[in-house]
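What follows is a short report on a single structure.
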Amino acid sequence: MTAEEVVKKIQEEDIKIVDVRFVDLLGTWQHFSVPAHVITEEVFEEGLGFDGSSIRGWKSINESDMLIVPDPKTAFIDPFAEVATLNIICDVIDPITREPYLRHPRAIAKKAEEYLKSSGIADVAYFGPELEFFILDDVRFQVESNTASYIVDSTEGIWNTNKDEDPNLGYKIRHKEGYFPVSPLDSLQDLRSDIVLELEKAGIEVEAHHHEVATAGQAEIDIRFAPLVEQADNVLKYKYIAKNVALMYGKTVTFMPKPLSGDNGTGMHTHQSLWKDGKPLFAGNGYAGLSETALYYIGGILKHGKALAAFTNPTTNSYKRLVPGFEAPINLAYSSRNRSAAVRIPMYSPSPKAKRIEVRFPDPTANPYLAFTAMLMAGIDGIINKIDPGQPMDKNIYDLPPEELAAVPKMPKNLEEALDELEKDYEFLLRGDVFTEDLIKTWIEYKRENEIKYVNSIPHPAEFYLYFDV
């Protein structure tokens, strides 16, 4: 839609409130609302003022005045508001310079798209994330000076086979057996279908939905590929819609990578391809039907994989998922069909238009604007420097003998290690002024000070199990 069309839609749909949204540094939507009459065509040029001093990782209080400029292409009617409401995603700009605010992740993603075009390599980068999540019935957690605990529960959880449910009908999904039985074991078909319908109303094309591997309501809804910025917008719409549909069912959704021990975690496998002049650049005569360009792109992803983890796997919980034995790709290798590799080449279709790579290590706690951009910049670096990805790993990496496995590069073991790797390897992100050193240093400092230090200072219940009686 254009600005003119948005204003017309507000009138035709009798919209009362317009909710303007932007993303903070960590990837969470922030918003405020205005009466619908405030949104004129001029607002799409001039913007609306707001105080940015309290947004995580943003301006200090002495330089807090900022502007948001609505992007008319992103407008969608809010399906959950009782008052007729139109949601619009916004860009953030400096009110003095009128330049994009460079700590706003959407601005960085837009610069990446511009840089890709200016490089002459391609004119569009498509991203297709597979977001997984858990749909739960009860979540409780507590962190105090004398206690720390959490409990999550689901009517599907295998631990509930002996629970008095008046009556307990016995349909519980065993660990690692959730992929994908029909009802009554899969009890969430209608809920996922309602999420799908709302996603499509919001303009997001859905390809499939299903139960995922784990017990306790693990789900996946796959959305069709789209250009980088549009797809990052879609990810935030997806999270918003999934959480609110679940809430209407009296349930809750989490995108935490590892909310359960002893079962599969939650990933965001991200399909990627480059196109130019309407033609796919990743199809060719090389390994698994890939072009030289695609192989170099993979080379860049693998070379910078450890640094990428700081953006693609940005939480301490992310590394509870990246452990052997749960289909998690901890080894930096590539393969066709093999899901134990960090980069997989899907072989579903022989069509050149379907040729893509799938980066399997990201998870949905990532800020999609930063994660997609970082992966694109790594791929571009691989193409520019013709980085050889080495030989493919066409076997189960977890079954390799120890001496052979030791030679395969690994993903970081924790967030601290990932941030250390980013600190050593970020020059590729600065190409074309896409990322700035200021943002990278702010990201590293925020994660260390607000997350790692906090988690590392709290006694863990497992430590009592291991050490209380020594």
Could you please give the count of residues in region 11-27 that are at negative phi, touching a residue at least 24 places away in the same chain (Cβ under 8 Å) and open to solvent by 60 Å² or more (accessible area, probe 1.4 Å)? 2
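For (1) within 30 Å of GLY278 (Cα to Cα); (2) without any contact (Cβ under 8 Å) to a residue 60 or more places away in the chain; (3) surrounded by 12 or more Cβ atoms within 10 Å (Cβ to Cβ), each residue gets a yes or a no:
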site: PHE80; (1), (2), (3): no, no, yes
site: ALA84; (1), (2), (3): no, no, yes
site: ILE89; (1), (2), (3): yes, no, yes
site: VAL92; (1), (2), (3): no, no, yes
site: ARG98; (1), (2), (3): no, yes, no
site: PHE127; (1), (2), (3): yes, no, yes
site: ASP137; (1), (2), (3): no, no, yes
site: ALA148; (1), (2), (3): no, no, yes
site: TYR171; (1), (2), (3): no, yes, yes
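So that you can scan it fast, the table gives a plain yes or no per residue for (1) closer than 28 Å to ALA407 by Cβ; (2) among the aromatic types (Phe, Trp, Tyr); (3) out of contact with any strand residue (DSSP E or B) (no Cβ under 7 Å at 6 or more places or on another chain); (4) free of Cβ contacts under 8 Å to residues at least 60 places away in the same chain:
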| position | (1), (2), (3), (4) |
| --- | --- |
| GLY267 | yes, no, no, no |
| LEU290 | yes, no, no, no |
| GLY299 | yes, no, yes, no |
| HIS304 | yes, no, yes, no |
| ALA310 | yes, no, yes, no |
| ASN317 | no, no, yes, no |
| SER336 | yes, no, no, yes |
| ALA342 | yes, no, no, no |
| LYS355 | no, no, no, no |
Does region 59-75 hold any residues that are more than 27 Å from TYR238 (Cα to Cα) and either open to solvent by 60 Å² or more (accessible area, probe 1.4 Å) or among the acidic types (Asp, Glu) (or both), and which are they? ILE61, ASN62, GLU63, ASP65
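Taking region 368-388 as the region of interest, how many residues are open to solvent by 30 Å² or more (accessible area, probe 1.4 Å) and either acidic (Asp, Glu) or touching a Cys at 6+ places or on another chain (Cβ under 7 Å) (or both)? Even if it seems obvious, please write down each step before you answer.
Kept after step one, since they are open to solvent by 30 Å² or more (accessible area, probe 1.4 Å), are these residues of region 368-388: 384-386, 388.
Imposing the further condition that a residue be either acidic (Asp, Glu) or touching a Cys at 6+ places or on another chain (Cβ under 7 Å) (or both) reduces the set to 388.
Matching residues across region 368-388 total 1.
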If TRP159 satisfies all but one of (1) among the aromatic types (Phe, Trp, Tyr); (2) modelled with pLDDT of 95 or more; (3) open to solvent by less than 60 Å² (accessible area, probe 1.4 Å), what's the number of the condition it fails? (3)
Can you find a residue in region 87-102 that is at pLDDT 95 or above and over 21 Å from ASP24 (Cβ atoms)? no
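If we scan region 213-222, do we find a residue that is over 23 Å from VAL152 (Cα atoms) and surrounded by fewer than 22 Cβ atoms within 10 Å (Cβ to Cβ)?
Step one: filter region 213-222 for residues over 23 Å from VAL152 (Cα atoms), giving 222.
Checking which are surrounded by fewer than 22 Cβ atoms within 10 Å (Cβ to Cβ) leaves us with 222.
Yes - at least one qualifying residue is present in region 213-222.
Could you list, in sequence order, the residues of region 335-362 that are aromatic (Phe, Trp, Tyr) and under 30 Å from THR316 (Cβ atoms)?
Just the residues of region 335-362 that are aromatic (Phe, Trp, Tyr), to begin with: 348, 361.
Within region 335-362, just PHE361 meets the criteria.
Among the residues of region 237-250, write down those that are open to solvent by 10 Å² or more (accessible area, probe 1.4 Å) and either on the phi > 0 side of the Ramachandran plot or part of a helix (DSSP H, G or I) (or both). Please lay out each step first, then the result.
The first filter runs over region 237-250 and keeps only residues open to solvent by 10 Å² or more (accessible area, probe 1.4 Å), leaving 237, 239-240, 243-244, 247-250.
If the condition is that a residue be open to solvent by 10 Å² or more (accessible area, probe 1.4 Å) and either on the phi > 0 side of the Ramachandran plot or part of a helix (DSSP H, G or I) (or both), then LYS237, LYS239, TYR240, LYS243, ASN244, LEU247, MET248, GLY250 are the ones that fit.
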Taking the criterion of being in contact with a Ser or Thr (Cβ under 9 Å, 6 or more places away or on another chain), of a type in the set (D, E, K, R) and open to solvent by 10 Å² or more (accessible area, probe 1.4 Å), would at least one residue in region 199-209 satisfy it? no
Is it the case that TYR398 is part of a helix (DSSP H, G or I), out of contact with any strand residue (DSSP E or B) (no Cβ under 6 Å at 6 or more places or on another chain), of a type in the set (Phe, Trp, Tyr) and at pLDDT below 95? yes
Selection from region 410-462 of residues crowded, with 19+ Cβ neighbours inside 10 Å and basic (Lys, Arg) yields LYS447
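Does MET393 satisfy the criteria of being touching a Phe, Trp or Tyr at 6+ places or on another chain (Cβ under 8 Å) and outside any loop (DSSP other than H, G, I, E, B)? First the steps, then the outcome.
Working: touching a Phe, Trp or Tyr at 6+ places or on another chain (Cβ under 8 Å): yes; outside any loop (DSSP other than H, G, I, E, B): no.
No; evaluated as a whole, the condition is false for this residue.
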When only residues in region 13-48 that are of a type in the set (S, T, N, Q) and under 29 Å from the mean Cα position of the chain (by Cα) count, which is nearest to ASP233 (Cα to Cα)? THR28
For residues in region 31-58 being open to solvent by 50 Å² or more (accessible area, probe 1.4 Å) and part of a strand (DSSP E or B), which is nearest to THR254 (Cα to Cα)? HIS31
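The values are calculated or read from the model by the stated rules, or taken from the named source; none is laboratory data. Here the structure is a predicted model, which is why all the values come from computation and not from measurement. Cβ coordinates were reconstructed from backbone atoms using ideal geometry, including for glycine residues, and neighbour counts include every protein chain displayed. Ligands, DNA and RNA are stripped out before the accessible areas are found, and what is left, the full protein with its side chains, is counted by its heavy atoms. Shrake-Rupley method; radii C 1.70, N 1.55, O 1.52, S 1.80 Å.
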